[in-house]
Amino acid sequence: MNHETVLLLVSAIWVALELLVGVISRRSEGRSVLDRGSHTILWVLLVASIFAASAIHRLPIGRMPDLFWLGVALILVGIAIRATAIVTLRRFFTVRVTIQESHELIERGIYKIVRHPSYSGALVSFIGLGFAFGNWLSLAIILAGALTGFAYRIRVEEAALSSHFGEQYRQYAARTKRLIPGVY
């Protein structure tokens, strides 16, 4: 199998899993949706940056060493991290920022390490996609879109959680980093 076929197959699985998560989690959305458009903004930025990165990845400018298989591995590791985060939250995971009836603040498992592990996993996958494209400029474009979208989404999410959980969330935030253990 050539690189393009492998990347297409891995990407198709990745997209299918995201669509499945979207369908399943919509059933769990509760009474208080506090999304402020972050779901739409995030997806628009991600799709636009991936499209742009894909369109330029074959240009001679910005070529990187062959890191294709590292990229594919990172995509898969990111998917696994994101899946672990979603499974840990179970019914509290939704694609739109939502506070549900009897919502609990989850601080166990991967959530002991970072506050937004599903976004951490997604970022690992996006870095992998940039490596698989084999172009530094493509990687930069993907990261710019993802980081911009996730930064807004995290602000919205943390405001909702802080408002709902108050001091409990502020203490949790003081103990954990947002995306990268021990760093940020």
Rg and Dmax of the chain, Cα atoms only, in Å | 17.0, 54
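Per 0.36 nm of contour for each residue apart, how much would the distance between residue 170 and residue 140 grow if the chain were fully extended, relative to their Cα-Cα spacing? All intermediate terms of the calculation are to be shown ahead of the outcome.
Numbers: separation 30, 0.36 × 30 = 10.80 nm, distance 3.23 nm.
Extending this stretch completely gives an extra 7.6 nm.
Using alpha-carbon pairs under 8 Å, 6+ residues apart, how would you state the relative contact order of the chain in percent? Please list the in-between numbers first.
Values: 248 pairs, mean separation 59.8, N = 184.
About 33 percent, as a whole number.
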Rounded to whole Hz and in sequence order, give me ³J(HN,Hα) for segment 80-95 from the Karplus expression 6.51 cos²θ - 1.76 cosθ + 1.60, θ = phi - 60°, writing x for Gly and Pro.
-> 5, 4, 4, 4, 4, 5, 5, 5, 5, 6, 6, 5, 7, 7, 9, 7
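Assuming a ≥ b ≥ c are the square roots of the Cα gyration tensor eigenvalues, decide whether segment 54-163 counts as rounded (a/c under 1.5), prolate (otherwise, with a/b larger than b/c) or oblate. Walk me through the numbers before you get to the answer.
Values: a/c = 3.49, a/b = 2.09, b/c = 1.67.
Note, shape of segment 54-163 comes out prolate.
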With the dipole of the chain defined by +1 on each Lys or Arg Cβ and -1 on each Asp or Glu Cβ, the option from 43, 11, 73 whose Cα lies farthest towards the positive pole is 43
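A short reminder: the numbers here are calculations on the coordinates, not readings from a lab. Since we're looking at a predicted model, the values are computed, not measured. FYI the Cβ positions are ideal-geometry reconstructions off the backbone, even for glycines, and counts take in every protein chain you see.
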